[in-house]
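Inspection log for the structure reproduced underneath, given as structure tokens.
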Amino acid sequence: MNTTTDFFVHESAYVDQPCQIGKGTKIWHFCHVMQNTVIGEGCIFGQNVLVANDVKIGNNVKVQNNVAIYTGVECEDDVFLGPSMVFTNVTNPRSAVVRRGQYAKTVVKKGASIGANATIVCGHDIGEYAFIGAGAVVTKNVPAYALMVGNPARQIGWMSQYGHRLSFDADGIATCPESNQQYKLTNGQVNLIA
């Protein structure tokens, strides 16, 4: 439970207690943060965001308008969640069958971006710095740095930490045009080398 108010909550938002909210975080219009959530420092929650019970969110996470982060979802540091993207938390929901407490876990790893209107089917993790295109439907685990598009989402390439598509040479080396960081592609995995 927070004992200081070194974060901002708009007067139209609800923050249930107990929960923990980090310094510099901003929670905007019509948001609802439920009990036992942990939210890191420097996060921004746009209009009409729901953060359900027991969710964990790292530092510097940006959540755009109309996103629901359900129980079972964890977002690490520097994650971007685009407008109206969707998480699920039950694999086979039925209105007449109570499956509360059977939530599948989904982890969005450090630096990953999920585009507008994308859907992440529960139980599938998103790798570090992965980039999920707008409208994609993720139905399997996503490797680090992968660029995923379509329904169902398929990998069409690799992205740098700065969000640029990587082109690998014959030696499996690519350079980000913005940061000049170099990446190595080996056995279907990308790693930062410089």
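No lab work stands behind these numbers, since they all come straight from the coordinates. From a predicted model like this one, the values you see are computed outputs, not experimental measurements. Please note: Cβ atoms are built from the backbone with ideal geometry, for glycine as well, and neighbour counts cover all protein chains shown.
Spin-label model, GLN35 to ARG154: label points 7 Å out along the Cα-to-beta-carbon direction sit 4.6 nm apart. Distant-in-sequence amide contacts of ILE69, defined by a placed amide H-H separation under 5 Å and a gap of 5 or more residues or a different chain, comprise LEU50, VAL51, ALA52.
So if I place +1 on the C-beta of Lys and Arg and -1 on the C-beta of Asp and Glu, and nothing else carries charge, what would the dipole magnitude of region 100-173 be about its Cα centre? I want it in debye, nearest 20. Working shown, then result.
Details: 7 positive and 4 negative charges, 77 e Å.
For region 100-173, the charge dipole is close to 360 debye.
Sequentially through region 55-68, phi angles give Karplus couplings (6.51, -1.76, 1.60; θ = phi - 60°) of 6, 10, 10, x, 7, 6, 8, 10, 10, 7, 4, 6, 10, 10 Hz, Gly and Pro residues having no value and appearing as x. Spread over its residues, the convex hull of the C-alpha atoms of region 28-141 is 88 Å³ per residue.
Considering only DSSP beta bridges with both partners in the chain, what is the antiparallel share in %, to the nearest 5? Antiparallel bridges make up about 25 percent of those DSSP assigns within the chain.
Dividing the alpha-carbon Rg of region 100-194 by 2.2 N^0.38 Å yields what? Mind dumping the intermediate values first?
Values: Rg = 13.8 Å, N = 95, 2.2 N^0.38 = 12.4 Å.
This ratio for region 100-194 stands at 1.11.
Along the axis of the charge dipole computed for the chain (Cβ charges of +1 for Lys and Arg, -1 for Asp and Glu, origin at the Cα centre), the listed residues ALA13, ALA118, ASN59 are led at the positive end by ALA118.
Convex hull volume of the Cα atoms in the chain, per residue, in Å³? Show your work: numbers first, answer last.
Values: hull volume 23.7 nm³, N = 194.
Convex hull volume per residue, Cα atoms: 122 Å³.
Seen from GLU76, the other residues with C-beta closer than 11 Å to its C-beta sum to a net charge of -2, counting Lys and Arg as +1 and Asp and Glu as -1.
Please list 153-164, 95-106 highest first by mean number of surrounding beta-carbon atoms within 10 Å per residue. Walk me through the numbers before you get to the answer.
On the way: 153-164: 17.3, 95-106: 11.2.
Ranking, from highest mean packing down: 153-164, 95-106.
Within the shell of other residues whose beta carbon sits under 13 angstrom from the beta carbon of GLY127, the net charge comes to 0, with Lys and Arg scored +1 and Asp and Glu -1. Region 1-75 and region 84-135 have Cα centres lying 18 Å from one another.
Sequentially through region 111-122, phi angles give Karplus couplings (6.51, -1.76, 1.60; θ = phi - 60°) of x, 6, 10, 10, x, 4, 6, 6, 10, 10, 5, 4 Hz, Gly and Pro residues having no value and appearing as x. Just to be sure I understand: with springs between alpha-carbon atoms less than 10 Å apart, which residue in PHE80, PHE168, PHE131 has the highest mean-square fluctuation in the Gaussian network model of the chain? Maximum among the listed residues: PHE168.
Its residue count N sets the reference 2.2 N^0.38 Å, and the alpha-carbon radius of gyration of region 144-191 equals 1.13 times that reference.
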